[in-house]
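Asks: This is the structure I have questions about; it appears just below.
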Amino acid sequence: MTTIAASVQKTFISEDFLLRSETARILYHDYAKEMPIIDYHCHLPPDQIAQDKQFENLTQIWLYGDHYKWRAMRANGINERFCTGDASDWEKFEQWAATVPYTMRNPLYHWTHLELLRYFDIDILLNKDSAREIYDECSAKLKQPDFSVKSLLNRMNVKVICTTDDPTDTLSYHKEIGESGFNIKVLPTFRPDKAMLLIDSPAEFNQYLAKLAEAAGPGEITTYESLLAALKNRHDFFAAMGGKLSDHGLEHIYASFDEEAAKQAFAAALKGEIASFEQRTAFKSMVLFDLAKMDHEKSWTQQFHLGALRNNNERMLRELGPDTGWDSIGDYSQAQALSAFFNKLDSTNQLAKTILYNLNPADNEVLATMTGNYNDGTVAGKMQFGSGWWFLDQKDGMERQMNALSNMGLLSRFVGMLTDSRSFLSYPRHEYFRRILCNLIGNDVENGELPNDIPWLGKLVEDISYNNARNYFGF
């Protein structure tokens, strides 16, 4: 137990946290709790896993790069110096601790106390009064060998991690991890968005093409065909390194299949010119389509993260760069392009296993029903409506996603939760998800809407927690 003074108020994270019925408690404690974790989408830095990094203090592992926390601190009136600025690590943590009591009803409040409890055995509330003692105790523990990155991952019973990697990445750290004998699989995920989206910025696009050509080598990328060949080269390389997934972060799917217009956009970009909107849309559509066929050829799973409106605050984007907390939910039209894209692939039987994640909860039923159009009986749950993502990976968002999936498809075939995180302390999100899942099912049993068939319901919970993902991805 923690050595912090017992006089400080204890947290509310009990053994039965979020479990409101006896059925929910049985399902969680007897079935979900001990299942291993497959984190099939995250942004963990593979170099820190390879090096088995030891963090110096709690701020470095918990606050660095965490735009969720930065957004909350800014909303609480905390100066940017304590978020991304030059304040000391202790000063940043002190301001975060002072913010935590104000995050009640935000998922950050739950995640914060789950992470303190599961990793550090800290069972008191974090606030300005407890900040110093918690910071010192956690920072001291982080210096111990059993709090290195690899030890933290094993502590959470993680079996597989899929990072998110650009096609130009050498994957040298994945190779190092694989050769080290580390018991957790750390596999790359192919994220080729720059090869499509940078067509809107010819200077950046040409810089990227040079980097891609160097990675694929030999030869320059001077035609649309040579671009596809370079991407195919890297796709093959990722597969040779154990990769089984691709991922795309898009506002919406592109589905304007005009190959000639796509080539015109490419030619214009090579000359430093911006093609028409229609030509650039055709380019994005054709690249996405050709990449999807590569995924099918290798029996990969393709993932589409749809609906983020990114970089809304241009002033702060100039000062801090992307992924620093200035993104929000977008209200893009999704259905028609998704239908056209999937239908074109399916028409030649080249539609790979697919996971759709949406950021706008108004689209839950749209995506849940769209996946049902292209299940073909070849794979259970071939087309997946993915777990609540980003702004939706919280209790309400997860429940709404699972309710939509239940109503429109088969919750029982769901591949479950992922972290989508850059933090090595994020794995209690799987516990959070499992508790919510068990509570949802438990409520139905208590209300007489599901039979009290604990063995079958327990199997369903185990499958969603781990087994479905293991079978679906074939790790």
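The values are calculated or read from the model by the stated rules, or taken from the named source; none is laboratory data. Because the structure is a prediction, the values reported are computed rather than measured. Here the Cβ is made from the backbone with ideal geometry for all residues, glycine too, and neighbour counts use every protein chain on show. All accessible areas refer to the heavy atoms of the entire protein, side chains included, with ligands and DNA or RNA removed. Shrake-Rupley method; radii C 1.70, N 1.55, O 1.52, S 1.80 Å.
Asks: Is it fair to say Tyr472 is hydroxyl-bearing (Ser, Thr, Tyr), open to solvent by less than 30 Å² (accessible area, probe 1.4 Å), more than 15 Å from Leu108 (Cα to Cα) and not in a loop (DSSP other than H, G, I, E, B)? If you could, list the steps in order and put the result at the bottom.
Replies: Details: hydroxyl-bearing (Ser, Thr, Tyr): yes; open to solvent by less than 30 Å² (accessible area, probe 1.4 Å): yes; more than 15 Å from Leu108 (Cα to Cα): yes; not in a loop (DSSP other than H, G, I, E, B): yes.
Criteria met by Tyr472.
Asks: Another one. Sort out for me the helices (runs of 4 or more DSSP H) sitting completely within the stretch 82-200 that have 2 or more residues that are at pLDDT 95 or above and within 18 Å of Asp39 (Cβ to Cβ).
Replies: Values: elements: 89-99, 107-120, 131-142, 149-155, 172-179, 193-197.
Fully inside the stretch 82-200 and qualifying: 107-120, 149-155, 172-179.
Asks: To continue, here is another question. Hey, can you tell me all the residues within the stretch 363-384 that are under 20 Å from the mean Cα position of the chain (by Cα) and either without any contact (Cβ under 8 Å) to a residue 60 or more places away in the chain or outside any loop (DSSP other than H, G, I, E, B) (or both)?
Replies: Narrowing the stretch 363-384 to residues under 20 Å from the mean Cα position of the chain (by Cα): 363-364, 367-368, 371, 381-384.
Of everything in the stretch 363-384, those that are under 20 Å from the mean Cα position of the chain (by Cα) and either without any contact (Cβ under 8 Å) to a residue 60 or more places away in the chain or outside any loop (DSSP other than H, G, I, E, B) (or both) turn out to be Asp363, Asn364, Leu367, Ala368, Thr371, Lys382, Met383, Gln384.
Asks: Test of understanding: among Arg413, Arg429, which residue is open to solvent by 10 Å² or more (accessible area, probe 1.4 Å) and under 30 Å from Thr324 (Cα atoms)?
Replies: Numbers: Arg413 fails: under 30 Å from Thr324 (Cα atoms).
Result: Arg429 is the single residue among Arg413, Arg429 that is open to solvent by 10 Å² or more (accessible area, probe 1.4 Å) and under 30 Å from Thr324 (Cα atoms).
Asks: A further question follows. May I ask you to say which residue of His113, His174 is in contact (Cβ under 8 Å) with a residue 40 or more places away in the chain and touching a Gly at 6+ places or on another chain (Cβ under 8 Å)? Give the steps one after another, and end with the answer.
Replies: Numbers: His113 fails: touching a Gly at 6+ places or on another chain (Cβ under 8 Å).
When all the criteria are applied, what remains is His174.
So that you can scan it fast, the table gives a plain yes or no per residue for (1) open to solvent by less than 30 Å² (accessible area, probe 1.4 Å); (2) charged (D, E, K, R); (3) at pLDDT 95 or above; (4) closer than 30 Å to Thr354 by Cα:
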| residue | (1), (2), (3), (4) |
| --- | --- |
| His41 | yes, no, yes, yes |
| Pro45 | no, no, yes, yes |
| Thr59 | yes, no, yes, no |
| Arg74 | no, yes, yes, no |
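Asks: Quick one: in the stretch 94-129, of everything that is polar (S, T, N, Q) and surrounded by fewer than 19 Cβ atoms within 10 Å (Cβ to Cβ), which residue is farthest from Asp393 (Cα to Cα)? It would help to see each step written out before you state the result.
Replies: At the first step, the residues of the stretch 94-129 found to be polar (S, T, N, Q) are 95, 99, 103, 106, 112, 127.
Subset that is surrounded by fewer than 19 Cβ atoms within 10 Å (Cβ to Cβ): 106, 127.
Details: Asn106: 11, Asn127: 24 Å.
Filtering the stretch 94-129 for residues that are polar (S, T, N, Q) and surrounded by fewer than 19 Cβ atoms within 10 Å (Cβ to Cβ), the one farthest from Asp393 (Cα to Cα) comes out as Asn127.
Per-residue answers, yes or no, for (1) touching a residue at least 24 places away in the same chain (Cβ under 8 Å); (2) within 18 Å of the chain's Cα centre (by Cα):
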| residue | (1), (2) |
| --- | --- |
| Asp331 | yes, no |
| Thr348 | no, no |
| Leu351 | yes, no |
| Asn358 | yes, yes |
| Gly386 | yes, yes |
| Gln394 | yes, yes |
| Met398 | yes, yes |
| Thr419 | yes, yes |
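Asks: Scan the stretch 269-315 residue by residue and report those that are in contact (Cβ under 8 Å) with a residue 60 or more places away in the chain and among the β-branched types (Val, Ile, Thr).
Replies: Ile274, Val287, Thr301
Asks: Quick check on the stretch 417-425. Is at least one of its residues assigned to a helix (DSSP H, G or I) and surrounded by 20 or more Cβ atoms within 10 Å (Cβ to Cβ)? Walk me through it before giving the result.
Replies: So in the stretch 417-425, the residues assigned to a helix (DSSP H, G or I) come out as none.
Within the stretch 417-425, none of the residues are assigned to a helix (DSSP H, G or I) and surrounded by 20 or more Cβ atoms within 10 Å (Cβ to Cβ).
Asks: Let me ask something else about it. Take the residues of the stretch 253-270 that are surrounded by fewer than 17 Cβ atoms within 10 Å (Cβ to Cβ) and assigned to a loop (DSSP other than H, G, I, E, B): which is nearest to the chain's Cα centre (by Cα)?
Replies: Phe257
Asks: Looking for something farther than 24 Å from Ala469 by Cβ, open to solvent by 70 Å² or more (accessible area, probe 1.4 Å) and either touching a residue at least 24 places away in the same chain (Cβ under 8 Å) or assigned to a helix (DSSP H, G or I) (or both) - is there at least one such residue anywhere in the stretch 230-249? Lay out the reasoning, then the answer.
Replies: Here is the first cut: in the stretch 230-249, the ones farther than 24 Å from Ala469 by Cβ are 230-234, 236-237.
From what is left, the residues that are open to solvent by 70 Å² or more (accessible area, probe 1.4 Å) are none.
Among the residues of the stretch 230-249, not one is farther than 24 Å from Ala469 by Cβ, open to solvent by 70 Å² or more (accessible area, probe 1.4 Å) and either touching a residue at least 24 places away in the same chain (Cβ under 8 Å) or assigned to a helix (DSSP H, G or I) (or both), which makes the answer no.
Asks: Considering the stretch 421-460 alone, what residues qualify as being of a type in the set (Gly, Ala, Ser) and free of Cβ contacts under 8 Å to residues at least 12 places away in the same chain? Let's see the steps before the verdict.
Replies: Filtering the stretch 421-460 down to residues of a type in the set (Gly, Ala, Ser) leaves 421, 423, 426, 442, 448, 458.
Residue satisfying the conditions is Gly448 alone.
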